[in-house]
1. What residue, of Gln75, Gln57, is under 30 Å from Gln164 (Cα atoms) and loosely packed, with under 14 Cβ neighbours inside 10 Å?
2. Taking strands (runs of 3 or more DSSP E) that do not extend beyond the stretch 24-82, which have at least 2 residues that are within 13 Å of the ligand (Cβ to nearest atom), within 23 Å of Phe157 (Cβ to Cβ) and modelled with pLDDT of 90 or more?
3. Here are Leu183, Leu128: which of them is away from the ligand (no atom under 16 Å from the Cβ), closer than 15 Å to Val39 by Cα and surrounded by 18 or more Cβ atoms within 10 Å (Cβ to Cβ)?
4. Does Lys219 fit the bill of being under 19 Å from the mean Cα position of the chain (by Cα) and under 21 Å from Ser148 (Cβ atoms)?
5. So which of Phe70, Phe11 is open to solvent by 50 Å² or more (accessible area, probe 1.4 Å) and free of Cβ contacts under 8 Å to residues at least 60 places away in the same chain?
6. Collect the residues in the stretch 188-219 that are within 16 Å of the ligand (Cβ to nearest atom), within 19 Å of Leu248 (Cβ to Cβ), assigned to a helix (DSSP H, G or I) and at pLDDT 95 or above, keeping them in residue-number order.
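The values are calculated or read from the model by the stated rules, or taken from the named source; none is laboratory data. This is a predicted model, so every value here is computed, not measured. We place every Cβ from the backbone using ideal geometry, glycine too, and count neighbours over all the protein chains shown. Heavy atoms of the whole protein, side chains included, go into the accessibility calculation; ligands, DNA and RNA do not. Shrake-Rupley method; radii C 1.70, N 1.55, O 1.52, S 1.80 Å.
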Amino acid sequence: MPDTGTTAAAFAPANIALCKYWGKRNQELNLPMTSSLSVSLGDKGAATRITITDHDQDIMTLNGAAVPLFSEFGQRLMVFLDLFRLNLYRPPASLRFHVDTTTSVPIAAGLASSACGFAALVLALNKLFHWQLDARHLSILARMGSGSACRSIWPGFVEWEQGQDADGMDSYGKIIPEVWPELCMGLLMVNEKEKNISSRVAMQRTVETSTLYSAWPDKVEQDLADIKQAIHEKDFSLLGKTAESNALAMHGTMLAAWPPVNYCLPETMAAMQKIWALRIEGLSLYFTQDAGPNLKLLFLEQDRATVQSHFNLDIVRPFC
Ligand code: DP6
């Protein structure tokens, strides 16, 4: 076992799904009902340092502030670290960590902060303990922390194949080796506050109560095929249309859950209306939305100036 003070650090990018993961077939292992596909956000993500401490409890800091161990996020991290403590080292109680994470994406505002956080933690653990795991195993471990984290192990386009095995060993992220340098994603912050219902709770409620959920797996299957074709043929309107329709369908399943889940604020709807109006005028601009009120705008580099004249955006070019 490494000594107290032993430390390692790693970075993982945030990722935004173009075809969403929404619903689990196994909640403990974060095994999804369907496959999903994302794009990683380059240098926007989480940098995590993990250090073995001689404290009697774990210490967690997020962007310089202490994370209470009893908070929802603190508990999730502890449960995750227990996987390693309980399974790898005995007596487990002797091993305590300081996990220090700095993110360059807003926390819990639907900008994939938990995905990059868990992926960076797994990469740092891999260094700390010299596991020398391959990307497949790193992705599987990250998935145990947060499903979408399994896609943050890779840059660029990533497909998370749902897999079939009960133990989840065939459910992990794989890179799609294609690049699209002109692709831009603009982060439109409508509200930076934490969401009032976690994606984890909302997702499960949707699976259990939404009458629209039964249509979701077929929708995903078609959307995945279309997005992969769009990436391969660099067909931006097919990519944008499919990603936007997929996000709206996911939110549709949530609205049909009980109690209903609605992540949209009036400002979210206003931004959608504006995008739709600009599209009618001929601008090739689309959006996707995750478990929060903020939108991610999709457009090509050639339209950057026009898009920026209409929205105040933080723009990422995932392949540059
Ligand atoms: C809407 O990966 O955060 O962002 O597995 O419960 O941790 P858990 O859920 P999480 O859900 C992400 C949901 C989403 C869609 C996506 O990223 O595919």
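1. Working: Gln57 fails: under 30 Å from Gln164 (Cα atoms).
Step by step, each of Gln75, Gln57 is checked, and only Gln75 is under 30 Å from Gln164 (Cα atoms) and loosely packed, with under 14 Cβ neighbours inside 10 Å.
2. Numbers: elements: 24-26, 36-53, 59-62.
By residue number, 36-53.
3. Numbers: Leu128 fails: closer than 15 Å to Val39 by Cα.
Only one candidate passes the filter, namely Leu183.
4. Numbers: under 19 Å from the mean Cα position of the chain (by Cα): no; under 21 Å from Ser148 (Cβ atoms): yes.
For Lys219, the condition - under 19 Å from the mean Cα position of the chain (by Cα) and under 21 Å from Ser148 (Cβ atoms) - is not met.
5. Working: Phe11 fails: free of Cβ contacts under 8 Å to residues at least 60 places away in the same chain.
After applying the criteria, what remains is Phe70.
6. The answer is Ala202, Met203, Arg205, Thr206, Val207, Tyr213, Trp216, Pro217, Lys219.
Listed here are the residues, each with its yes/no results for (1) away from the ligand (no atom under 16 Å from the Cβ); (2) at pLDDT 95 or above; (3) within 23 Å of Trp154 (Cβ to Cβ); (4) open to solvent by 10 Å² or more (accessible area, probe 1.4 Å).
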site: Ile280; (1), (2), (3), (4): yes, yes, no, yes
site: Leu285; (1), (2), (3), (4): yes, yes, no, no
site: Thr288; (1), (2), (3), (4): no, yes, yes, no
site: Leu295; (1), (2), (3), (4): no, yes, no, no
site: Gln302; (1), (2), (3), (4): yes, yes, no, yes
site: Thr306; (1), (2), (3), (4): yes, yes, no, yes
site: Phe311; (1), (2), (3), (4): yes, yes, no, yes
site: Phe319; (1), (2), (3), (4): yes, yes, yes, yes
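Results for (1) open to solvent by less than 10 Å² (accessible area, probe 1.4 Å); (2) over 13 Å from the mean Cα position of the chain (by Cα); (3) among the aromatic types (Phe, Trp, Tyr), shown as yes or no for each residue.
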position	(1), (2), (3)
Ala135	no, yes, no
Ala142	yes, no, no
Gly145	yes, no, no
Ala149	yes, no, no
Pro155	no, no, no
Val158	yes, no, no
Glu161	no, yes, no
Gly168	yes, yes, no
Ser171	yes, yes, no
